[in-house]
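The structure appears below as structure tokens.
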Amino acid sequence: MTHEPTGAAPSTAASAPTAPRAGTAPALPVLAEVVRSGFVEGHHRGSLVLLAADGRVEFALGEPDAPVFPRSSNKPMQAAAILRAGLDLSGERLALAAASHSGEGFHLDLVRTMLAEFGLTEADLGTPPDLPVDPVEAREYLAAGHEPSKIAMNCSGKHTAMLAACLHNGWPTGSYLDPEHPLQRLVRTVIEETAGEPVTAIGTDGCGAPLMAISLTGLARAFRHFVRAEPGSPERRVADAMRAHPEYVAGTRRADTWLMAGAPGTLSKTGAEAVQAVALEDGRALALKIDDGGARAVGPVMARALDRLGVKADVVERIAKSPVLGGGVEVGEVLATF
């Protein structure tokens, strides 16, 4: 995930925090509450920013101008850098290069196909061995007798494309995850250009790739840039591929896929530690982060944000559902509070 600065000042709603945080900073506002059997048993705090179609900050809560690690919400920018490096990807292959795939059979089959097309093997991937990120797929993967593998890791499509871009340019492949590698410097350029702000910190993502911090406002601006970019540009090609093949970006049981399929023209990408970025076709955009990394709050908060942006689609209600279970049945839910 990434942290962001910049943009217009947050709305007055953002100044509601009361309790101290990390010694001096005030607590972030509550974005969602956990309701069990009619009793509020917990809260999820965080930050959120909504951009109008013209790029203005229309609504904000928390600290949307503070840097965050966007985690996999940075993948569209990484995919655009791969295109800028001269690798000619399109269709499902480009969508998979920007994906956090679920590890479904069609995902793994395409990763294997791409590796073979570029003369690569699974051993070349810098991803750690892992199980499919989708729990259903993970159970089936293990039941079939498989062990955690580099291909099953949800970032394997991105890593395959990164390695292929290195081969295309004659760049070293053994160090392709070094922040100073030519490809990763290009990724940083794309992030800074589309976000409209400098990267403020560099870490290591769960897949081993460099992770570059920007603000939530910058993240929303970047997604807006992708959907508004000139047709045929690297950024627009990535956005178009993701929107045309949303099942390759996430999976059949994932909110990013549901939203892009159910609200045509929408670009959506989640990231670990409860980060989410979305842009609508006309340039309206949002970015959010749940401070404690609670993924169960992302759907309800994203759905409420989409509603505030005026999105009217059945899929928004589907995304909003985050049930709380008791005894194996639904006894409550996680609800957005703004």
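The values are calculated or read from the model by the stated rules, or taken from the named source; none is laboratory data. None of the values given here were measured: they were computed from a predicted structure. Methodologically, a virtual Cβ is constructed for each residue, glycine included, from the backbone with ideal geometry; neighbour enumeration extends over all protein chains shown. All accessible areas refer to the heavy atoms of the entire protein, side chains included, with ligands and DNA or RNA removed. Shrake-Rupley method; radii C 1.70, N 1.55, O 1.52, S 1.80 Å.
Note on the range 96-120: residues that are part of a helix (DSSP H, G or I), in contact with a Leu (Cβ under 9 Å, 6 or more places away or on another chain) and aliphatic (A, V, I, L, M) amount to 6. Whenever a residue of the range 311-338 is crowded, with 18+ Cβ neighbours inside 10 Å, its partners that are assigned to a helix (DSSP H, G or I) and β-branched (V, I, T), lying with C-beta atoms within less than 7 angstrom and at least six residues away or across chains, give the pairs A336/V301. Considering V49, V40, V34, V68, the condition of being among the β-branched types (V, I, T) and under 15 Å from V278 (Cβ atoms) is satisfied by V49 alone.
Residue selection: I151 fails the criterion of being among the aliphatic types (A, V, I, L, M), outside any strand (DSSP E or B) and either closer than 25 Å to P234 by Cα or within 18 Å of the chain's Cα centre (by Cα) (or both).
Does the range 186-194 contain at least one residue that is farther than 15 Å from P76 by Cβ and either polar (S, T, N, Q) or open to solvent by 10 Å² or more (accessible area, probe 1.4 Å) (or both)? No, the range 186-194 has no match at all. Here the range 195-221 is the region considered, the condition is being assigned to a helix (DSSP H, G or I) and not small (G, A, S), and the residue that is farthest from A161 (Cα to Cα) is T217.
Restricting attention to the range 62-98 and to residues that are touching a Pro at 6+ places or on another chain (Cβ under 7 Å) and not charged (D, E, K, R), the residue that is farthest from E192 (Cα to Cα) turns out to be G62. Does A209 meet the test of being farther than 30 Å from A336 by Cα and open to solvent by less than 10 Å² (accessible area, probe 1.4 Å)? Criteria met by A209. With respect to the conditions (1) out of contact with any Cys (no Cβ under 8 Å at 6 or more places or on another chain); (2) in a loop (DSSP other than H, G, I, E, B); (3) under 16 Å from K75 (Cβ atoms), H146 lacks only one, and its number is (3). Within the option set A60, A97, A80, being touching a Lys or Arg at 6+ places or on another chain (Cβ under 6 Å) and crowded, with 21+ Cβ neighbours inside 10 Å holds for one residue only, A97. Taking into account only those residues within the range 164-181 that are open to solvent by 40 Å² or more (accessible area, probe 1.4 Å) and not in a loop (DSSP other than H, G, I, E, B), which is farthest from L96 (Cα to Cα)? Among those residues, the one meeting the criterion is N169. Candidates A161, A123: the one that is at pLDDT 95 or above, closer than 21 Å to G208 by Cβ and touching a helix residue (DSSP H, G or I) at 6+ places or on another chain (Cβ under 6 Å) is A161.
Taking the condition free of Cβ contacts under 8 Å to residues at least 60 places away in the same chain and open to solvent by 10 Å² or more (accessible area, probe 1.4 Å), does G42 pass?
On the way: free of Cβ contacts under 8 Å to residues at least 60 places away in the same chain: yes; open to solvent by 10 Å² or more (accessible area, probe 1.4 Å): yes.
Yes, satisfied.
Does the range 84-91 include one or more residues that are open to solvent by 30 Å² or more (accessible area, probe 1.4 Å), touching a residue at least 40 places away in the same chain (Cβ under 8 Å), among the polar types (S, T, N, Q) and touching a helix residue (DSSP H, G or I) at 6+ places or on another chain (Cβ under 7 Å)? Full working, then the answer.
Within the range 84-91, the first condition is being open to solvent by 30 Å² or more (accessible area, probe 1.4 Å), and the residues that meet it are 84, 86, 88, 90.
Pick out the ones that are also touching a residue at least 40 places away in the same chain (Cβ under 8 Å) and you get 84, 86, 90.
Then drop every residue that is not among the polar types (S, T, N, Q), which leaves 90.
Imposing the further condition that a residue be touching a helix residue (DSSP H, G or I) at 6+ places or on another chain (Cβ under 7 Å) reduces the set to 90.
Taking every residue of the range 84-91 in turn, at least one turns out to be open to solvent by 30 Å² or more (accessible area, probe 1.4 Å), touching a residue at least 40 places away in the same chain (Cβ under 8 Å), among the polar types (S, T, N, Q) and touching a helix residue (DSSP H, G or I) at 6+ places or on another chain (Cβ under 7 Å).
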